[in-house]
Amino acid sequence: MTHKPRILIVFSDKEVVHLLERNILAPEGYQVLASNNCQEAEKQFHSIHPDLMIIGDDLPDGDHLEFSAKLIDSQPTLPVILFTKQESDISAKQILRLGLVDWLTAPLHADEVIDAVHRGLERSQQWGKWLKLETRRQTGALEKRVNELETLAQVGQAVTAELDLDRVLTTVVETAVSYCEAEEGSLLLLDEASGELYMRAGKNFQDEFVTTFRLPVEDTLAGGVIRSGDAVMVNPDSPHKILTSYLVYSVIYVPLKVHGGTIGVLGVDNRSKGSPFDQQHLTFLSALADYAAIAIDNAQLYSNTEIERSKLESILTQIDDGVLVLDEAGAVILANHTVRKAFDLGEINLQGQKLEAVFTKNDLIDAVLGKVEAPLLPEIEAEGGHIYNIQATDIPGVGRVAAFHDITYLKELDRVKSDFVNAVSHDLRSPLTAIVGYVELIERLGEVNDKQAECIQRVQTSVDAITALITDLLDLGRIEVGLDEKIEVLDFASILDPALEAIAGQMAEKGQQCRTDYQSPLPNIIGDKIQLRQLVDNMLGNAVKYTPQGGQISLSAKSDDGSLILQVADSGIGIPLQDQPRIFDRFYRASNTPQEVHGTGLGLAIVKTIVENHRGRIWVESSQEKGSTFTIVFPAAELE
Ligand code: ADP
């Protein structure tokens, strides 16, 4: 059934409407609807979608020209005819400007009306057809654009998702060929060493051609693109030899740019007379070339990173020291072969395993996690008696790295030194013991005269002096090289108390008073107990030795600003000012030292070495005949 065109008449004079409908339009097969005011007409316009409208000049609620303009504005293809019953001064120009299709005036003539309606509808139909065509054309262009974008998006995805550069570049060339409907496509890269272009990927070329293809940069079209960095498009009318080593009718080369430099070209060509390339092809190819350039750059970056990573891995795995790397959650990232060998871990995959699941030794786990108080150096015994010192540090963004340093040879060296010192001390002391024994025997074997007794006495004193000297020398040597050193966290009072007890007898013999004053608790210090005891013994021994009968001795210890301060004071003979700077030197004895007070001049040298071993400081304040105060400052353990 053919559609009856719908005509909406907007006129308030019912008679005119009647005339138009009954006498003119309906007999011609038009479906007529009417409305006598703007408001109602607008509603109908939206509900019935008329094919044509006739608008009169007697509307009660609006200006007929304004109303017509409004309708045309909302639907530009709607033909609107104006009918004026009264005389009007509207000009043809106004009619055209408003977009009205015709203008009827009273009295109405049927022919005129039908003619105007016909023309209006015909024009509307033409507009409709044109609109459809135009829409189709626009949609086609849009579809093409959407396809282009989709294709580019796919290539873009391939660039980011695909690590295989060959695959990405082949996709790029294939996409270029298919989009441009070209016969061949190629991606040429510049070989910096030879200055020639080689084909990295090709479409519709024979494999052998691809592998043997070489093109100089000078005097070639593709080479020109490399040099200038600008794309070229050639669409000649007749075939001509372009220096691509084959004849082409049309060709596009676009540059592949990385960090501002051109590293190659992407090209498509037609050897037989296909349709020429256009600007759109060139734009699309440029976008593809950008993707290809990104892919090549990414691949280069990836391979550089990979090379660096494997170099680093080789260094870490081959290094003689053990290296253990943990992530921030405490799981193993890397354990090199030294660690594996030392702790018998074999070749099993340790990645991602928790430290506690890999190692059973608690002291090792504590050392790696840094739970050992500084400056104690954790020494861990590994398989086969090897001893490792572990140093671990946090590395932001990685986790924790522990270096295992094999100190077995140092331990062995210590043992050898210790054996040597013990042997020397034994070999030096035993003849002295023999001398002492035989000298004592002389007196028992028979009577000796006074002269002989004096000689015997001198031999005994000398032997005592040599024994003291040997003991002090060996002690100093032992302390200096750190033999038998055992570093631990110490409560200093546990050193002071027994030292005082041991010297109490000598003090009592000389009728000396001893005052002690130390804080409780004292801060802990880190060090070797035997050495520190020797230090206190030497200090107290000197105080007793260089303080006359009935003198005063005091020992105080306190904590101060992260340090432990130890003071030994006496009311003894004091030390002359000029001797004070040298009393810590070996074998140095002050000028006022009484002849009868024996000594080796090594006691304070030993004290100084021990103080330095414990990162402390020592000094003396003394005035002759009044007494001396020795002060020692050690760093306290708590603040380490
Ligand atoms: P020594 O074996 O002679 O005591 P030291 O190295 O212990 O050797 O002391 C070096 C010198 O420093 C001593 O000979 C003495 O002159 C002086 N000296 C050490 N302590 C005191 C002290 N408390 N009072 C006076 N002089 C001292």
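Nothing in this text is a laboratory measurement; each read-out follows from the coordinates by a stated rule. Just so we're clear, the structure is a prediction, and the values are computed from it rather than from any experiment. Positions of Cβ are generated from backbone atoms using ideal geometry, with glycine treated the same way; all protein chains shown enter the neighbour counts.
Want the number for Val489 to Ile307: 0.36 nm per residue separation, take away the alpha-carbon distance, what's left?
60.8 nm
From the residues Gly156, Ala493, Gln353, which one has its Cα farthest along the dipole of the chain in the positive direction, the dipole being from +1 and -1 charges on Cβ of Lys/Arg and Asp/Glu about the Cα centre?
Checked the options; the winner is Gly156.
In degrees from 0 to 90, rounded to the nearest 10, what is the angle of the helix 110-161 Cα long axis to the longest principal axis of the chain?
Between the helix axis and the principal axis of the chain, the angle is about 20 degrees.
Could you sort the peptides 86-93, 225-232, 586-593 by per-residue average Cβ neighbour count (10 Å cutoff), highest mean leading?
225-232, 586-593, 86-93
Calculated from DSSP H runs of 4 or more alone, at -39500 (n - 2.57) each and per residue, what is the 222 nm mean residue ellipticity of the chain, nearest 500?
-15000 deg cm²/dmol
Over every pair of different alpha-carbon atoms in the chain, take the mean of 1/r and invert it; report that Kirkwood radius in Å.
Computed over Cα pairs of the chain, the Kirkwood hydrodynamic radius comes out at 37.7 Å.
Pull up the cross-link candidates among the lysines for Lys85, meaning alpha carbon to alpha carbon under 17 Å and not fewer than 8 places away within one chain.
Cα-Cα hits under 17 Å: Lys14.
Aspartates and glutamates near Lys273 by alpha-carbon distance under 14 Å, same-chain residues fewer than 8 away left out - which ones?
Within reach: Glu181, Glu183, Glu184, Asp237.
Against the longest principal axis of the chain, how steep is helix 64-74, in degrees 0 to 90 to the nearest 10, with axes from Cα atoms?
The answer is roughly 50 degrees.
Neighbouring Cβ atoms within 10 Å as the yardstick, rank Ile610, Ile395 fewest first.
The order, fewest Cβ neighbours first, is Ile395, Ile610.
With only Lys, Arg, Asp and Glu charged, each at its Cβ (+1 for the first two, -1 for the last two), find how big the charge dipole of the chain is about the Cα centre; round to the nearest 20 debye.
With only Lys, Arg, Asp and Glu charged at Cβ, the dipole is about 340 debye.
Calculate the dipole size of the range 1-143 relative to its Cα centre from +1 charges on Lys and Arg beta carbons and -1 charges on Asp and Glu beta carbons; express the result in debye to the nearest 20.
720 debye
Cα to Cα, under 23 Å, and not fewer than 8 places away if on the same chain: which lysines meet these conditions relative to Lys354?
Within the straight-line limit of under 23 Å, Lys354 reaches these lysines: Lys341, Lys371.
Starting at the first residue of the range 186-201, write each ³J(HN,Hα) from the Karplus equation 6.51 cos²θ - 1.76 cosθ + 1.60 with θ = phi - 60°, in whole Hz, x for Gly and Pro.
8, 10, 9, 10, 7, 8, 4, 5, 9, x, 10, 9, 10, 8, 7, 8
So what's the gap between the Cα centers of the range 334-376 and the range 126-181, to the nearest angstrom?
56 Å
Sorted by mean Cβ packing within 10 Å, highest first, what order do the peptides 179-189, 198-208 take?
179-189, 198-208
Check which residues have an amide H placed less than 5 Å from Ile9's amide H, if you skip close sequence neighbours.
So Ile9 has HN proximity to Leu33, Ala34, Ser35, Ile54.
Using modelled backbone amide H atoms (1.01 Å from N, in-plane), which distant-in-sequence or interchain residues come within less than 5 Å of Ile387's amide H?
Here Ala382, Ile407, Thr408 satisfy the definition.
Along the range 572-583, what does the Karplus equation 6.51 cos²θ - 1.76 cosθ + 1.60 (θ = phi - 60°) give for ³J(HN,Hα), rounded to whole Hz, x for Gly and Pro?
So the Karplus estimates, Gly and Pro as x, are x, 6, x, 10, x, 3, 5, 8, 3, x, 10, 5 Hz.
Anything over 24 Å Cα to Cα? Flag those among Lys411/Lys486; Lys311/Lys361; Lys417/Lys486, in the order listed.
With Cα atoms farther than 24 Å apart: Lys311/Lys361.
Amide H to amide H under 5 Å from Glu196: which residues, 5+ apart in sequence or cross-chain, H placed 1.01 Å off N in plane?
Asp191
Fewest Cβ neighbours within 10 Å first, please rank Phe45, Phe209 accordingly.
Neighbour counts put them in this order, fewest first: Phe209, Phe45.
Looking at Leu324, Ala465, Thr170, which one has the Cα that reaches farthest to the positive end of the dipole of the chain (charges on Cβ: Lys, Arg +1; Asp, Glu -1)?
The one lying farthest along the dipole's positive direction is Thr170.
Taking other Cβ within 10 Å of each residue's Cβ, how do Leu282, Leu59 sort, fewest first?
Leu282, Leu59
Nearest 10 degrees is fine. How inclined is helix 408-445 to the longest principal axis of the chain, computing both from alpha carbons?
Result, in degrees: 10.
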